[in-house]
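Engineer: Pasting in a structure now, in C-alpha coordinates, and then I'll have a few things to ask.
The values are calculated or read from the model by the stated rules, or taken from the named source; none is laboratory data. From a predicted model like this one, the values you see are computed outputs, not experimental measurements. Glycine gets a Cβ as well: all are built from the backbone with ideal geometry, and neighbour counts include every protein chain shown. Ligands, DNA and RNA are excluded from the accessible area calculation, which covers all protein heavy atoms including side chains. Shrake-Rupley method; radii C 1.70, N 1.55, O 1.52, S 1.80 Å.
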Amino acid sequence: RAEILFSPLSLPPWRAAAGAARPAVGACAPTPTRCPEMPRPAPVPAAGAAEPPAKPHRLAEQRAARRQLSCGRAMSLRSNSVVLVAALLPMCLARIGYAPTDLSESNWDEFMKSNERAMVDFYDPSDPEWAFNNNELQNAVRVTRREGCDVPFAKVNVAQEAALARKYVPNGPFPQLMWFQHGEPTQYHRRLRKTDRIVDFALSLDRIPITELKDEEEAKRVSSRVIYAQFPRSSPMYRVLETVALKHMDTVSITFTDESGFRIRLLQGGADDVHDYDGPQTFDDFDRWVRRRLTRSEDVPEPQAGSAIAVVGQTFEDVVLQPNKDVLLLVYATWCGFCRKFMPTWEELARRVHGTPQLVVAKMDGDLNDSPFPEEFRWSAFPTVFFVPAGQRSPVVFHGNRSVAHLLDFARKNSKIGLPAELDASKADSVVGPDEWEL
(Lines give C-alpha, C1' and ligand atoms only; values in the text may rest on other atoms or scores of the structure.)
Protein backbone atom coordinates (compact mmCIF):
# COMPACT_ATOMS: atom_id res chain seq x y z
CA ARG A 1 0.00 0.00 0.00
CA ALA A 2 2.75 2.37 0.98
CA GLU A 3 4.79 1.45 -2.04
CA ILE A 4 1.94 2.09 -4.41
CA LEU A 5 1.03 5.36 -2.70
CA PHE A 6 4.53 6.82 -2.85
CA SER A 7 5.81 5.22 -6.01
CA PRO A 8 7.15 7.55 -8.72
CA LEU A 9 4.24 6.69 -10.90
CA SER A 10 1.85 8.08 -8.28
CA LEU A 11 3.46 11.49 -8.48
CA PRO A 12 2.62 14.16 -11.04
CA PRO A 13 4.61 14.13 -14.27
CA TRP A 14 6.80 17.03 -13.18
CA ARG A 15 7.86 15.00 -10.09
CA ALA A 16 8.42 11.87 -12.04
CA ALA A 17 10.76 13.72 -14.35
CA ALA A 18 13.21 14.15 -11.49
CA GLY A 19 14.58 10.59 -11.90
CA ALA A 20 11.71 8.13 -11.64
CA ALA A 21 10.97 5.72 -14.43
CA ARG A 22 8.60 6.96 -17.06
CA PRO A 23 6.09 4.79 -18.86
CA ALA A 24 7.05 3.42 -22.26
CA VAL A 25 6.17 5.26 -25.35
CA GLY A 26 2.63 4.50 -26.28
CA ALA A 27 1.79 3.06 -22.82
CA CYS A 28 -0.51 4.68 -20.29
CA ALA A 29 0.60 5.37 -16.80
CA PRO A 30 -1.30 3.33 -14.22
CA THR A 31 -3.78 5.16 -12.03
CA PRO A 32 -2.27 5.41 -8.54
CA THR A 33 -4.21 4.31 -5.53
CA ARG A 34 -4.74 7.17 -3.07
CA CYS A 35 -5.97 7.40 0.48
CA PRO A 36 -9.39 9.06 0.49
CA GLU A 37 -8.35 11.48 3.27
CA MET A 38 -5.22 12.79 1.54
CA PRO A 39 -5.81 15.72 -0.93
CA ARG A 40 -4.11 15.90 -4.29
CA PRO A 41 -0.98 18.11 -4.19
CA ALA A 42 -1.31 21.44 -6.01
CA PRO A 43 0.88 21.62 -9.10
CA VAL A 44 3.87 23.98 -8.89
CA PRO A 45 5.08 25.40 -12.23
CA ALA A 46 8.68 25.03 -13.18
CA ALA A 47 10.96 28.02 -13.53
CA GLY A 48 10.14 29.93 -16.69
CA ALA A 49 6.88 28.11 -17.23
CA ALA A 50 3.64 30.03 -17.71
CA GLU A 51 1.19 30.23 -14.84
CA PRO A 52 -1.79 27.94 -15.10
CA PRO A 53 -4.96 29.66 -16.29
CA ALA A 54 -7.00 31.21 -13.48
CA LYS A 55 -10.65 30.70 -12.90
CA PRO A 56 -13.06 33.08 -14.69
CA HIS A 57 -14.08 34.95 -11.54
CA ARG A 58 -10.44 35.37 -10.59
CA LEU A 59 -9.70 36.92 -13.98
CA ALA A 60 -12.50 39.42 -13.49
CA GLU A 61 -11.15 40.39 -10.08
CA GLN A 62 -7.66 40.92 -11.49
CA ARG A 63 -8.94 43.02 -14.35
CA ALA A 64 -11.03 45.18 -11.97
CA ALA A 65 -8.00 45.66 -9.72
CA ARG A 66 -5.86 46.72 -12.69
CA ARG A 67 -8.55 49.15 -13.87
CA GLN A 68 -8.87 50.65 -10.38
CA LEU A 69 -5.10 51.06 -10.12
CA SER A 70 -4.96 52.64 -13.58
CA CYS A 71 -7.84 55.06 -12.79
CA GLY A 72 -6.23 55.99 -9.49
CA ARG A 73 -2.97 56.85 -11.19
CA ALA A 74 -4.80 58.82 -13.85
CA MET A 75 -6.83 60.76 -11.27
CA SER A 76 -3.69 61.53 -9.27
CA LEU A 77 -1.91 62.73 -12.41
CA ARG A 78 -4.94 64.79 -13.43
CA SER A 79 -5.24 66.34 -9.96
CA ASN A 80 -1.56 67.28 -9.92
CA SER A 81 -1.89 68.73 -13.41
CA VAL A 82 -4.88 70.85 -12.40
CA VAL A 83 -3.01 72.21 -9.37
CA LEU A 84 0.04 72.98 -11.50
CA VAL A 85 -2.00 74.73 -14.19
CA ALA A 86 -3.95 76.72 -11.59
CA ALA A 87 -0.69 77.90 -10.06
CA LEU A 88 1.07 78.77 -13.32
CA LEU A 89 -1.82 80.11 -15.42
CA PRO A 90 -2.10 83.56 -13.74
CA MET A 91 1.67 84.03 -14.01
CA CYS A 92 1.71 83.03 -17.66
CA LEU A 93 -1.27 85.23 -18.54
CA ALA A 94 0.25 88.19 -16.69
CA ARG A 95 3.57 87.64 -18.48
CA ILE A 96 1.92 87.83 -21.90
CA GLY A 97 -0.34 90.72 -20.87
CA TYR A 98 -3.68 88.91 -20.61
CA ALA A 99 -4.03 89.17 -16.83
CA PRO A 100 -3.21 91.83 -14.20
CA THR A 101 0.24 91.70 -12.65
CA ASP A 102 0.40 91.37 -8.85
CA LEU A 103 2.39 94.31 -7.49
CA SER A 104 4.17 94.75 -4.17
CA GLU A 105 6.81 97.09 -2.81
CA SER A 106 9.50 94.72 -4.09
CA ASN A 107 8.51 94.91 -7.78
CA TRP A 108 6.67 98.25 -7.91
CA ASP A 109 9.60 100.40 -9.12
CA GLU A 110 10.68 97.87 -11.74
CA PHE A 111 7.14 97.58 -13.12
CA MET A 112 6.69 101.35 -13.37
CA LYS A 113 10.07 101.86 -15.03
CA SER A 114 9.21 99.20 -17.60
CA ASN A 115 5.82 100.66 -18.51
CA GLU A 116 5.17 104.22 -19.65
CA ARG A 117 1.46 103.87 -18.87
CA ALA A 118 -0.32 101.49 -16.50
CA MET A 119 -3.73 100.84 -14.96
CA VAL A 120 -3.50 99.69 -11.33
CA ASP A 121 -6.39 98.26 -9.32
CA PHE A 122 -6.14 98.72 -5.53
CA TYR A 123 -8.42 96.11 -3.97
CA ASP A 124 -9.37 94.71 -0.58
CA PRO A 125 -9.62 90.89 -0.56
CA SER A 126 -12.02 91.02 2.41
CA ASP A 127 -14.62 92.71 0.20
CA PRO A 128 -17.54 90.26 -0.24
CA GLU A 129 -17.70 91.16 -3.93
CA TRP A 130 -13.97 90.76 -4.56
CA ALA A 131 -14.31 87.50 -6.52
CA PHE A 132 -16.86 89.08 -8.88
CA ASN A 133 -14.82 92.27 -9.25
CA ASN A 134 -11.65 90.34 -9.98
CA ASN A 135 -13.40 88.30 -12.66
CA GLU A 136 -14.69 91.49 -14.32
CA LEU A 137 -11.18 92.97 -14.27
CA GLN A 138 -9.75 89.82 -15.86
CA ASN A 139 -12.35 90.00 -18.61
CA ALA A 140 -11.64 93.70 -19.16
CA VAL A 141 -7.94 92.99 -19.74
CA ARG A 142 -8.75 90.42 -22.41
CA VAL A 143 -11.25 92.73 -24.13
CA THR A 144 -8.80 95.65 -24.23
CA ARG A 145 -6.23 93.36 -25.85
CA ARG A 146 -8.72 92.41 -28.54
CA GLU A 147 -9.36 96.13 -29.09
CA GLY A 148 -5.66 96.66 -29.76
CA CYS A 149 -4.90 98.37 -26.44
CA ASP A 150 -1.65 97.11 -24.90
CA VAL A 151 -1.71 99.15 -21.67
CA PRO A 152 -0.54 96.86 -18.84
CA PHE A 153 -2.93 96.15 -15.97
CA ALA A 154 -1.79 95.49 -12.41
CA LYS A 155 -3.38 95.03 -9.00
CA VAL A 156 -2.36 95.72 -5.40
CA ASN A 157 -3.67 93.86 -2.37
CA VAL A 158 -4.12 96.71 0.13
CA ALA A 159 -4.28 94.27 3.06
CA GLN A 160 -0.75 93.05 2.32
CA GLU A 161 0.68 96.26 0.80
CA ALA A 162 -0.51 98.86 3.28
CA ALA A 163 2.37 101.25 2.49
CA LEU A 164 1.43 101.44 -1.21
CA ALA A 165 -2.22 101.94 -0.29
CA ARG A 166 -1.40 104.82 2.07
CA LYS A 167 0.82 106.46 -0.52
CA TYR A 168 -1.50 106.32 -3.53
CA VAL A 169 -5.02 105.83 -2.13
CA PRO A 170 -4.78 107.22 1.41
CA ASN A 171 -8.50 107.79 1.88
CA GLY A 172 -9.87 104.77 -0.01
CA PRO A 173 -12.41 103.54 -0.76
CA PHE A 174 -11.59 100.19 -2.34
CA PRO A 175 -11.53 98.82 -4.94
CA GLN A 176 -10.20 101.70 -7.00
CA LEU A 177 -8.64 101.90 -10.44
CA MET A 178 -5.82 104.40 -10.90
CA TRP A 179 -4.09 105.50 -14.09
CA PHE A 180 -0.29 105.97 -13.92
CA GLN A 181 1.79 107.92 -16.43
CA HIS A 182 5.61 107.75 -16.36
CA GLY A 183 5.35 106.04 -12.96
CA GLU A 184 3.38 108.92 -11.43
CA PRO A 185 -0.30 108.79 -10.42
CA THR A 186 -2.76 110.96 -12.27
CA GLN A 187 -6.11 112.28 -11.16
CA TYR A 188 -7.86 109.50 -13.06
CA HIS A 189 -9.43 107.46 -10.28
CA ARG A 190 -12.48 105.35 -10.88
CA ARG A 191 -14.49 102.79 -8.93
CA LEU A 192 -15.55 100.87 -12.02
CA ARG A 193 -16.43 97.21 -11.64
CA LYS A 194 -18.18 96.27 -14.88
CA THR A 195 -16.09 94.94 -17.74
CA ASP A 196 -17.43 97.35 -20.35
CA ARG A 197 -16.86 100.43 -18.19
CA ILE A 198 -13.31 99.41 -17.33
CA VAL A 199 -12.62 98.92 -21.03
CA ASP A 200 -14.07 102.34 -21.92
CA PHE A 201 -11.98 103.97 -19.18
CA ALA A 202 -8.76 102.38 -20.41
CA LEU A 203 -9.40 103.14 -24.08
CA SER A 204 -10.26 106.79 -23.35
CA LEU A 205 -6.88 107.31 -21.68
CA ASP A 206 -4.81 105.26 -24.09
CA ARG A 207 -4.63 107.95 -26.76
CA ILE A 208 -2.48 110.83 -27.91
CA PRO A 209 -3.05 113.70 -25.44
CA ILE A 210 -2.61 116.48 -28.04
CA THR A 211 -4.42 116.65 -31.39
CA GLU A 212 -2.58 118.59 -34.08
CA LEU A 213 -4.85 120.74 -36.29
CA LYS A 214 -4.56 123.28 -39.06
CA ASP A 215 -6.11 126.28 -37.35
CA GLU A 216 -8.44 127.52 -34.60
CA GLU A 217 -11.58 127.09 -36.71
CA GLU A 218 -10.93 123.37 -36.92
CA ALA A 219 -10.40 123.27 -33.16
CA LYS A 220 -13.88 124.68 -32.54
CA ARG A 221 -15.37 121.63 -34.24
CA VAL A 222 -13.52 119.14 -32.06
CA SER A 223 -15.72 119.41 -28.95
CA SER A 224 -17.69 121.87 -26.86
CA ARG A 225 -14.70 122.45 -24.57
CA VAL A 226 -11.26 122.67 -26.14
CA ILE A 227 -7.93 124.34 -25.48
CA TYR A 228 -6.27 125.62 -28.63
CA ALA A 229 -2.52 126.34 -28.60
CA GLN A 230 -0.45 127.90 -31.34
CA PHE A 231 3.35 128.22 -31.08
CA PRO A 232 6.45 126.47 -32.47
CA ARG A 233 6.82 122.81 -31.49
CA SER A 234 10.43 123.51 -30.54
CA SER A 235 9.26 125.86 -27.76
CA PRO A 236 9.68 124.62 -24.14
CA MET A 237 5.97 125.35 -23.75
CA TYR A 238 5.12 122.29 -25.87
CA ARG A 239 6.43 119.99 -23.12
CA VAL A 240 4.36 121.92 -20.59
CA LEU A 241 1.29 121.65 -22.82
CA GLU A 242 1.77 117.90 -23.20
CA THR A 243 2.17 117.32 -19.47
CA VAL A 244 -0.93 119.36 -18.62
CA ALA A 245 -2.90 117.56 -21.35
CA LEU A 246 -2.09 114.21 -19.73
CA LYS A 247 -3.70 115.40 -16.50
CA HIS A 248 -6.97 116.57 -18.06
CA MET A 249 -7.72 114.03 -20.77
CA ASP A 250 -11.16 113.26 -19.36
CA THR A 251 -12.29 116.90 -19.07
CA VAL A 252 -10.94 118.87 -22.06
CA SER A 253 -9.52 118.32 -25.53
CA ILE A 254 -6.19 120.00 -26.17
CA THR A 255 -5.28 120.91 -29.74
CA PHE A 256 -2.13 122.39 -31.24
CA THR A 257 -0.89 124.15 -34.38
CA ASP A 258 2.83 124.31 -35.10
CA GLU A 259 3.22 127.94 -36.20
CA SER A 260 5.14 131.02 -35.15
CA GLY A 261 3.79 133.32 -32.46
CA PHE A 262 2.15 132.39 -29.15
CA ARG A 263 -1.53 131.88 -28.38
CA ILE A 264 -3.36 129.65 -25.89
CA ARG A 265 -7.09 129.96 -25.33
CA LEU A 266 -9.97 128.00 -23.88
CA LEU A 267 -12.98 127.69 -26.20
CA GLN A 268 -16.21 126.47 -24.66
CA GLY A 269 -19.93 127.05 -25.03
CA GLY A 270 -20.19 129.67 -27.74
CA ALA A 271 -18.16 132.22 -29.62
CA ASP A 272 -18.28 134.67 -26.71
CA ASP A 273 -17.00 132.19 -24.10
CA VAL A 274 -13.28 132.49 -24.86
CA HIS A 275 -10.50 132.80 -22.26
CA ASP A 276 -6.92 133.60 -23.23
CA TYR A 277 -3.90 132.52 -21.20
CA ASP A 278 -1.29 135.22 -20.71
CA GLY A 279 0.59 133.87 -17.69
CA PRO A 280 4.15 132.56 -17.35
CA GLN A 281 5.16 129.63 -19.53
CA THR A 282 5.66 127.22 -16.64
CA PHE A 283 3.89 124.03 -15.69
CA ASP A 284 2.61 125.22 -12.29
CA ASP A 285 1.12 128.45 -13.61
CA PHE A 286 -0.44 126.95 -16.72
CA ASP A 287 -1.82 123.95 -14.83
CA ARG A 288 -3.35 126.24 -12.19
CA TRP A 289 -5.04 128.27 -14.91
CA VAL A 290 -6.46 125.14 -16.56
CA ARG A 291 -7.70 123.71 -13.25
CA ARG A 292 -9.52 126.87 -12.30
CA ARG A 293 -11.12 127.19 -15.72
CA LEU A 294 -12.27 123.59 -15.73
CA THR A 295 -13.35 123.22 -12.11
CA ARG A 296 -17.09 123.34 -11.51
CA SER A 297 -17.73 126.24 -9.16
CA GLU A 298 -20.36 128.54 -7.72
CA ASP A 299 -19.83 132.28 -7.73
CA VAL A 300 -17.34 133.51 -5.17
CA PRO A 301 -19.35 134.40 -2.00
CA GLU A 302 -18.93 137.40 0.24
CA PRO A 303 -16.77 136.78 3.36
CA GLN A 304 -18.70 136.10 6.57
CA ALA A 305 -17.09 137.06 9.85
CA GLY A 306 -17.35 134.74 12.83
CA SER A 307 -18.45 131.57 11.00
CA ALA A 308 -16.97 128.94 8.72
CA ILE A 309 -15.44 130.36 5.54
CA ALA A 310 -17.42 129.42 2.45
CA VAL A 311 -15.25 127.80 -0.24
CA VAL A 312 -16.11 127.28 -3.92
CA GLY A 313 -14.21 125.59 -6.70
CA GLN A 314 -12.57 128.83 -7.83
CA THR A 315 -11.27 129.67 -4.34
CA PHE A 316 -10.42 126.15 -3.20
CA GLU A 317 -6.67 126.42 -3.71
CA ASP A 318 -6.38 129.86 -2.07
CA VAL A 319 -8.38 128.97 1.06
CA VAL A 320 -7.64 125.28 1.65
CA LEU A 321 -3.96 125.07 0.65
CA GLN A 322 -2.19 127.64 2.79
CA PRO A 323 1.55 127.56 3.53
CA ASN A 324 1.37 128.55 7.23
CA LYS A 325 -2.17 127.68 8.34
CA ASP A 326 -3.95 124.44 9.15
CA VAL A 327 -7.38 124.06 7.57
CA LEU A 328 -10.45 122.06 8.61
CA LEU A 329 -12.76 121.66 5.62
CA LEU A 330 -16.31 120.34 5.70
CA VAL A 331 -17.73 119.06 2.39
CA TYR A 332 -21.52 118.92 2.59
CA ALA A 333 -24.69 118.93 0.51
CA THR A 334 -27.75 121.05 1.25
CA TRP A 335 -30.13 118.13 0.65
CA CYS A 336 -28.26 115.84 3.08
CA GLY A 337 -30.08 115.35 6.40
CA PHE A 338 -26.90 114.32 8.21
CA CYS A 339 -25.22 117.52 6.99
CA ARG A 340 -28.07 119.69 8.28
CA LYS A 341 -27.83 117.94 11.64
CA PHE A 342 -24.06 118.42 11.80
CA MET A 343 -23.93 122.05 10.58
CA PRO A 344 -24.67 123.68 14.01
CA THR A 345 -21.66 121.85 15.48
CA TRP A 346 -19.46 122.99 12.60
CA GLU A 347 -20.51 126.63 13.01
CA GLU A 348 -19.88 126.36 16.74
CA LEU A 349 -16.39 125.06 15.99
CA ALA A 350 -15.79 128.03 13.66
CA ARG A 351 -16.84 130.48 16.39
CA ARG A 352 -14.70 128.63 18.92
CA VAL A 353 -11.49 129.02 16.90
CA HIS A 354 -12.29 132.50 15.57
CA GLY A 355 -9.26 134.69 16.12
CA THR A 356 -6.81 131.74 16.08
CA PRO A 357 -4.36 132.72 13.33
CA GLN A 358 -3.01 129.25 12.56
CA LEU A 359 -6.31 127.39 12.12
CA VAL A 360 -9.01 127.97 9.48
CA VAL A 361 -12.46 126.36 9.55
CA ALA A 362 -14.08 126.22 6.10
CA LYS A 363 -17.03 124.56 4.34
CA MET A 364 -17.89 123.76 0.72
CA ASP A 365 -21.03 122.53 -0.99
CA GLY A 366 -19.68 119.39 -2.63
CA ASP A 367 -22.81 118.98 -4.69
CA LEU A 368 -22.25 122.27 -6.56
CA ASN A 369 -18.46 122.54 -6.50
CA ASP A 370 -15.61 120.26 -7.48
CA SER A 371 -12.10 119.97 -6.17
CA PRO A 372 -9.37 121.26 -8.51
CA PHE A 373 -7.18 118.50 -7.02
CA PRO A 374 -9.24 115.33 -7.41
CA GLU A 375 -6.19 113.15 -6.95
CA GLU A 376 -5.97 114.25 -3.28
CA PHE A 377 -9.44 115.56 -2.38
CA ARG A 378 -12.17 113.03 -3.19
CA TRP A 379 -15.39 112.24 -1.39
CA SER A 380 -18.04 109.60 -1.91
CA ALA A 381 -20.41 110.60 0.91
CA PHE A 382 -21.66 113.66 2.77
CA PRO A 383 -20.57 115.03 5.14
CA THR A 384 -16.81 114.54 4.82
CA VAL A 385 -14.29 116.40 6.98
CA PHE A 386 -10.69 117.00 5.81
CA PHE A 387 -7.79 118.30 7.86
CA VAL A 388 -5.07 119.91 5.72
CA PRO A 389 -1.78 120.57 7.56
CA ALA A 390 -0.02 123.84 6.79
CA GLY A 391 2.07 123.72 3.64
CA GLN A 392 0.78 120.32 2.55
CA ARG A 393 -1.67 119.11 -0.08
CA SER A 394 -2.42 115.64 1.33
CA PRO A 395 -5.41 115.82 3.67
CA VAL A 396 -6.35 113.58 6.59
CA VAL A 397 -9.97 112.40 6.72
CA PHE A 398 -11.79 112.67 10.05
CA HIS A 399 -13.50 109.61 11.52
CA GLY A 400 -15.08 109.82 14.95
CA ASN A 401 -17.68 111.50 17.12
CA ARG A 402 -18.99 114.68 15.54
CA SER A 403 -18.42 117.05 18.43
CA VAL A 404 -16.37 120.20 18.87
CA ALA A 405 -14.17 118.47 21.45
CA HIS A 406 -13.36 115.55 19.17
CA LEU A 407 -12.75 117.82 16.17
CA LEU A 408 -10.31 119.98 18.14
CA ASP A 409 -8.52 116.91 19.43
CA PHE A 410 -8.29 115.60 15.84
CA ALA A 411 -6.81 118.93 14.66
CA ARG A 412 -4.30 119.03 17.50
CA LYS A 413 -3.04 115.49 16.79
CA ASN A 414 -2.50 116.16 13.08
CA SER A 415 -1.20 119.73 13.22
CA LYS A 416 2.42 120.34 12.26
CA ILE A 417 2.55 123.84 13.74
CA GLY A 418 0.56 123.26 16.94
CA LEU A 419 -2.57 124.87 18.35
CA PRO A 420 -2.70 127.44 21.17
CA ALA A 421 -3.35 126.18 24.69
CA GLU A 422 -6.64 128.08 24.98
CA LEU A 423 -8.15 125.72 22.41
CA ASP A 424 -8.45 122.97 24.99
CA ALA A 425 -10.61 120.19 23.62
CA SER A 426 -11.69 119.09 27.11
CA LYS A 427 -13.34 122.49 27.72
CA ALA A 428 -15.22 122.59 24.44
CA ASP A 429 -18.97 122.17 24.58
CA SER A 430 -20.57 119.83 22.09
CA VAL A 431 -23.89 120.21 20.33
CA VAL A 432 -23.74 116.56 19.27
CA GLY A 433 -23.52 114.32 22.32
CA PRO A 434 -21.40 111.19 22.68
CA ASP A 435 -24.37 108.96 21.96
CA GLU A 436 -24.87 110.44 18.49
CA TRP A 437 -23.73 108.90 15.18
CA GLU A 438 -20.15 109.27 14.03
CA LEU A 439 -18.23 109.95 10.83
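Engineer: Name the shape class, rounded, prolate or oblate, that the alpha-carbon gyration tensor gives for the range 108-160, where a ≥ b ≥ c are the square roots of its eigenvalues, rounded holds for a/c under 1.5, and otherwise prolate holds if a/b is larger than b/c and oblate otherwise.
Structural biologist: Working: a/c = 4.32, a/b = 1.22, b/c = 3.53.
Oblate shape, in that a/c is at least 1.5 and b/c is the bigger or equal ratio.
Engineer: Once the other residues with Cβ under 12 Å from the Cβ of Val158 are scored (Lys, Arg +1; Asp, Glu -1), what is the net sum? Write down the numbers at each step before the final one.
Structural biologist: Details: positive: Lys155, Arg166, Lys167; negative: Asp121, Asp124, Asp127, Glu161.
For residues surrounding Val158, the net value is -1.
Engineer: Another question, if that's okay. Could you name the lysines in cross-link range of Lys416, using Cα to Cα under 28 Å and dropping any fewer than eight places away on the same chain?
Structural biologist: Lys167, Lys325, Lys363, Lys427
Engineer: Same structure again: Compute, for Cys336, the solvent-accessible surface of its heavy atoms (probe 1.4 Å) with the complete set of protein chains present, and express it in square angstrom to the nearest 10.
Structural biologist: That residue has around 10 Å² of solvent-accessible surface.
Engineer: Whenever you get a sec, line up Arg145, Arg221, Arg233 from highest to lowest accessible area (probe 1.4 Å, protein heavy atoms).
Structural biologist: Largest to smallest exposure gives the sequence Arg221, Arg233, Arg145.
Engineer: Relative contact order for the range 105-204 using alpha-carbon pairs under 8 Å, separation at least 6, rounded to a whole percent?
Structural biologist: Values: 128 pairs, mean separation 40.9, N = 100.
Over the range 105-204, the number comes to 41 percent.
Engineer: Along the positive direction of the dipole of the range 239-293 (beta-carbon charges: Lys, Arg +1; Asp, Glu -1; about the Cα centre), which of Ser260, Val290, Val274 reaches farthest?
Structural biologist: Going by the Cα projections, it comes out as Val290.
Engineer: While we're on this one: Among the chymotrypsin sites (Phe, Trp or Tyr not before Pro) within the range 222-311, which fall in a DSSP loop and have no more than 15 other Cβ atoms within 10 Å of their own Cβ? Let's see the in-between values first.
Structural biologist: Numbers: sites: Tyr228, Tyr238, Phe256, Phe262, Tyr277, Phe283, Phe286, Trp289; in loops: Phe262, Tyr277.
Answer by residue number: Phe262.
Engineer: In nm, to one decimal, how far is the modelled label at Ser234 from the one at Ile417, with both set 7 Å along Cα→Cβ?
Structural biologist: In this crude label model, Ser234 to Ile417 measures out at 4.7 nm.
Engineer: Follow-up question, since we're still on this one. Cα atoms only, the range 163-244: Rg and Dmax in Å?
Structural biologist: Considering the range 163-244 through its Cα atoms, Rg and Dmax are 16.7, 49 Å.
Engineer: With the full set of protein chains in place, find how many percent of the accessible area of the range 219-364 is carbon and sulfur; take the probe as 1.4 Å.
Structural biologist: Working: 3460 of 7060 Å².
Ligands and nucleic acids excluded, carbon and sulfur reach 49 percent.
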